[in-house]
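Asks: For reference, the structure I am asking about is given below.
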Amino acid sequence: MNNIIKKELLSRMTLARKAFTKVPKKLEPLLEYYDQQPLDNVVNYMINTLQESFRWNNDTVVIQAAGFEWYYDGDEAPYALGYGYSSFKKLPNLKGFKSDKTARVRDDFDGGLQFGKNEFSDCGGFNVADACFPLFTYIDCEGGEHALIDDFINLFTARMFYAMHLAMSAVVQSDAFNKLKIEKPFYFFANNHDWSPCLLFELNDETSEPENFGNDASLVVPELDKFLKKLEKTKIKRLLQEDYVDSLQDGPIENYEKALLELPMLKSEGHSLKLTLDEISSFGYRLIRDRAYQEVSFEVLTFYCNLLITDPKSGVHDYRDAIIALYLNDSKKAHAFIEQLTADNETLKNQLIDDFRNIIRWMTESEPETRYPNSNLFLYESEETQLAMDKLANCLEELKQKKVDAALKRKLDKLFKTINNSDDDLLAYNEFMEKLAKNQGQDPNWAGQISAYTGQRMADCIVKKEHDPALKTFDHFCVKLLPYLNSSSNNYVAASMGIVLSVHTKDYAIGEKVLEEVLVKDFNMDNCRYSPLLYNLACYFAAKGDRDNLIMAAKRASMFGKKAKQFIADSDFAPYLNDEEFMSVLNHE
């Protein structure tokens with residue numbers, strides 16, 4: 001099995017490198033270092049690191065799986081922590097593997113491992129930033145806003161995982177490892193927030209002798225010195241910037257207004273630094289939420305709002321608090337400002353109408369999960385436009401969106417958890433959903449939830465390869481629920497899973513039904529911003545050989561959050577990886 005694992009990990013590493021076609025000059029040192037760094041050095045580093053990390057204290061438990069888990073939130077550099085499991089619920093099954101179809105067995109590498117009892121955790125570990133040097137050093141100093149940073153994380157992580165696989169052939173011979181009580185076959189894994197978990201190594205009686213990788217475990221090369229020194233200067237500036245922002249919080253309001261008007265530059269004590277979009281948004285969030293409603297002038301607030309709203313990369317999460325402060329300061333003047341800002345820009349107007357509706361919902365919904373942005377609520381009628389603006393002007397005082405009835409929500413959750421228990425439980429759930437659709441389906445919130453529950457039920461079935469129950473769920477939605485629901489934009493979750501089912505079963509009639517009945521005939525991808533549906537449509541069109549629609553769906557999905565690495569790793573797109581137009585869509589900046 002280790003040969004299979006090695007091929008899969010090597011395939012990932014190769015594909016991750018191919019994802020880079022053009023790199024901005026400021027990021028070139030990262031890629032140059034990656035290409036110049038000998039793999040042997042990384043493997044030796046992982047051998048030394050893993051040998052030290054297998055120091056788990058619990059030597060009385062027999063384990064069958066162990067590995068390291070890490071998560072990166074964009075702040076502190078990640079640290080991998082050790083975990084051990086006593087048994088598997090489901091062992092990996094890679095018998096169907098074909099060397100040229102690595103992605104077809106991806107479930108057994110990612111998420112297909114169902115571990116048993118967790119015997120120990122947070123025990124042993126290593127610094128991921130050192131293993132992926134100098135990537136996280138760069139992010140720490142320069143910030144991680146650049147569109148290619150996620151691709152770089154994927155690249156360095158893929159190489160680290162491959163090095164860990166190679167290193168394990170030596171590690172399992174070490175004294176530290178042999179002190180552990182293990183059950184064969186023993187599985188070693190690692191994961192981050194994108195891959196969970198990733199199978200890296202199997203230990204059985206047939207495991208081969210370790211390879212010789214040399215003795216040099218250094219990961220630092222002299223050519224990087226100048227690059228790192230420059231980064232360190234940037235980091236010092238950012239630390240000074242944080243101190244300056246802290247001083248503004250309690251200082252005179254005039255100083256705060258002056259700082260806002262100087263954005264995107266932040267000037268303090270002889271230093272100046274251009275802030276990223278995330279930093280500009282955070283700068284305002286830290287201070288506006290406490291002071292702007294009463295103290296900051298309307299003119300300064302409009303400058304700040306304009307800076308955020310007109311940034312082509314910004315979204316509602318960037319300017320939410322600034323907009324609320326603006327309307328609370330002077331709702332009439334705020335409305336005039338927005339009208340002037342969008343007078344000759346219909347696209348921006350529609351975007352803001354949609355975003356404002358979401359802001360109102362976030363400010364009034366009691367359930368946290370329903371506050372998440374739903375970017376599919378478009379309003380085109382002038383009456384609705386004015387209504388959205390008026391609601392925003394009084395969002396904290398006068399307007400309350402209709403809340404989801406708590407009793408109905410609790411009952412729906414309870415029934416959903418029992419649908420697999422018996423046919424009677426499934427019947428009770430379906431009947432409740434039908435009643436809910438008839439009584440609440442015109443409420444956009446409930447229409448969206450009915451679609452979401454249907455999509456979740458289908459997803460659960462598809463993951464288990466239970467395609468017949470998934471199809472029955474989809475048919476029930478189309479016949480019994482869909483006629484009562486508010487609009488097609490609230491059906492995106494169910495529609496998305498219908499497309500997934502169509503691709504999995506190769507029954508493309510299901511996909512046609514989604515497009516013609518669930519999304520209605522006037523559905524236009526140019527007006528859709530829900531990336532899961534757009535991505536799944538891209539898979540569907542790729543499977544059907546519909547290149548034009550594939551390109552359009554892939555472009556929209558990429559615009560709204562789907563990364564190039566996800567497309568490249570998906571076997572549905574394998575025939576298009578040499579298509580220049582397709583690859584250019586994935587690598588847009």
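Asks: Through the Karplus equation 6.51 cos²θ - 1.76 cosθ + 1.60, θ set to phi - 60°, convert the phi angles of the stretch 431-446 into ³J(HN,Hα) values in whole Hz; use x for Gly and Pro.
Replies: 5, 5, 4, 5, 5, 4, 4, 5, 8, 10, x, 7, 7, x, 5, 6
Asks: Give the long-range amide H neighbours of residue 201: residues separated by 5 or more places, or on another chain, with amide H under 5 Å away, using H modelled in the peptide plane at 1.01 Å from N.
Replies: Residues meeting the amide H criterion: 188.
Asks: Per residue, how much accessible surface does the stretch 545-589 expose to a 1.4 Å probe? Answer in Å², no decimals.
Replies: 50 Å²
Asks: Please list 525, 1 from largest to smallest accessible area, probe radius 1.4 Å, with all protein chains kept in place.
Replies: Output order, biggest surface exposure first: 1, 525.
Asks: So who's got an amide H within less than 5 Å of the one on residue 64, skipping anything under 5 residues away but keeping other chains? H placed 1.01 Å off N, in plane.
Replies: Answer set, sorted by chain and number: 85, 86, 87, 183.
Asks: Mind listing the phi-derived Karplus ³J(HN,Hα) values for the stretch 408-422, rounded to whole Hz, using 6.51, -1.76 and 1.60 with θ = phi - 60°, and x for any glycine or proline?
Replies: 5, 5, 5, 5, 4, 4, 5, 5, 4, 6, 10, 5, 8, 6, 7
Asks: Once you place label points 7 Å from the Cα toward the Cβ at residue 317 and residue 35, how far apart are they in nm?
Replies: 3.3 nm
Asks: Set the bar at 26 Å for Cα to Cα. Now go through 414/513; 7/563; 274/565; 18/465; 411/506; 472/506 and name every pair that lies beyond it.
Replies: As for pairs spanning more than 26 Å Cα to Cα, those are 414/513; 274/565; 18/465; 411/506.
The values are calculated or read from the model by the stated rules, or taken from the named source; none is laboratory data. The structure displayed is predicted, hence computed values, not measured ones. So basically every Cβ, Gly included, is an ideal-geometry build from the backbone, and we count neighbours across all protein chains shown. Just the protein is used for accessible areas: all its heavy atoms, side chains included, with ligands, DNA and RNA removed. Shrake-Rupley method; radii C 1.70, N 1.55, O 1.52, S 1.80 Å.
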